[in-house]
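These notes concern the structure reproduced below.
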């Protein structure tokens, strides 16, 4: 949803197809999730650290939700990668650290402002009641960008140590599930630590739990700057280790899960806490993300041409994010006001992607022709 690895024409000419196409894949999966919300009106509720946990009546409904889970941590990770690459590029041009941090401060504030205005306005057009103020993913990304900019000079080993500290430390600091609803009057907790709130203010994306994949992305970005091929190899190895870690924590159903599984079937095994992301959620989703990224980097020849449509979407993720919310909201309100089946929703989802693709092509070219305009922040 945010792309910080862009600047002028020279930067764009050296973009990496694997990173762009992976970002494009992420936005496509995100669009599926939001088509499910606006059009099918079958989007799950819950997945919080407390309260009612979502139940699914059939496998297609659950799998539709499951395959979209990698989107949010994937965006956070890619944002960190982009920040590291952008900082390295600007240092080579003589930018000071203060100028780089100021740039990310402004971009982070833009993301937060967009969430509180355009994005929340789009969510209010949906089928569910909506709070007066909603802390969504762009606030987590904006906050993560601002805080992550403070770590830009650190070496990968230190960044991995900070990511690990956040990864494990959040597990010790979030409330016990039995406290759900009793601590919703603590604004700092809702902004930085855990989900929840009221009709006035609701937080699904507290900043600190989503900072961990940003910092991991910073480390990957530094690896990539030194040796892209080796970075992608590490991506696959690290992703496999994450998935192994998921099994280790998920089977005993204790530490790292935030709350116990709802049952013993395969859906319950894969149905993890997202708000805030449990350790198992991060291990599962980032394990998949890292492996996919590494595999995309191995695609060559004709396969590279097949990835280009995804890369087109991945080069304008924030534009896509804003546009797709309004598009699917309009489709749901005008074409399916009573909702649809899961199967029919997939047709609307594909139709929305086809409608958005030429807009993304146009916007990408327009932004390239105006590298020094305010569009560099979107």
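Summary of computed values
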| read-out | value |
| --- | --- |
| Helices (runs of 4 or more DSSP H) lying entirely in region 88-155 (those with 3 or more residues that are more than 26 Å from residue 219 (Cβ to Cβ)) | 120-123 |
| Hey, residue 159 in a helix (DSSP H, G or I), out of contact with any strand residue (DSSP E or B) (no Cβ under 6 Å at 6 or more places or on another chain) and surrounded by fewer than 22 Cβ atoms within 10 Å (Cβ to Cβ) or not | no |
| Within region 289-318, considering residues that are surrounded by 20 or more Cβ atoms within 10 Å (Cβ to Cβ) and either within 16 Å of residue 220 (Cα to Cα) or free of Cβ contacts under 8 Å to residues at least 60 places away in the same chain (or both), the one farthest from the chain's Cα centre (by Cα) | 297 |
| Residues of region 331-343 satisfying the condition of being within 22 Å of residue 118 (Cα to Cα) and surrounded by 14 or more Cβ atoms within 10 Å (Cβ to Cβ) | 331, 332, 333 |
| Meets criteria (touching a residue at least 24 places away in the same chain (Cβ under 8 Å) and not in a loop (DSSP other than H, G, I, E, B)) for residue 63 | no |
| Within region 123-164, tally of residues that are under 20 Å from the mean Cα position of the chain (by Cα), without any contact (Cβ under 8 Å) to a residue 60 or more places away in the chain and more than 21 Å from residue 85 (Cβ to Cβ) | 1 |
| One residue from 310, 325, 354, 347 being part of a helix (DSSP H, G or I), under 19 Å from residue 117 (Cβ atoms) and at pLDDT 95 or above | 325 |
| Long-range neighbours under 8 Å by Cβ, at least six apart or interchain, first residue on the phi > 0 side of the Ramachandran plot and surrounded by fewer than 17 Cβ atoms within 10 Å (Cβ to Cβ) within region 227-254, second outside any helix (DSSP H, G or I) and at pLDDT below 95 | 253/260; 253/261 |
| Any hit, region 39-51, residues being in a helix (DSSP H, G or I), more than 13 Å from the chain's Cα centre (by Cα) and crowded, with 23+ Cβ neighbours inside 10 Å | yes |
| Hey, residue 196 crowded, with 21+ Cβ neighbours inside 10 Å, within 17 Å of residue 88 (Cβ to Cβ) and either at pLDDT 95 or above or under 19 Å from the mean Cα position of the chain (by Cα) (or both) or not | no |
| Check on residue 223, without any contact (Cβ under 8 Å) to a residue 12 or more places away in the chain, surrounded by fewer than 24 Cβ atoms within 10 Å (Cβ to Cβ) and part of a helix (DSSP H, G or I) | no |
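A quick yes/no check of all residues on (1) out of contact with any helix residue (DSSP H, G or I) (no Cβ under 6 Å at 6 or more places or on another chain); (2) part of a helix (DSSP H, G or I):
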site: 232; (1), (2): no, yes
site: 237; (1), (2): yes, yes
site: 245; (1), (2): no, yes
site: 272; (1), (2): no, no
site: 280; (1), (2): no, yes
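The values are calculated or read from the model by the stated rules, or taken from the named source; none is laboratory data. Everything numeric in this text was worked out from a predicted model, so none of it was measured. No Cβ is skipped: glycine too gets one built from the backbone with ideal geometry, and neighbour counts run over all protein chains shown.
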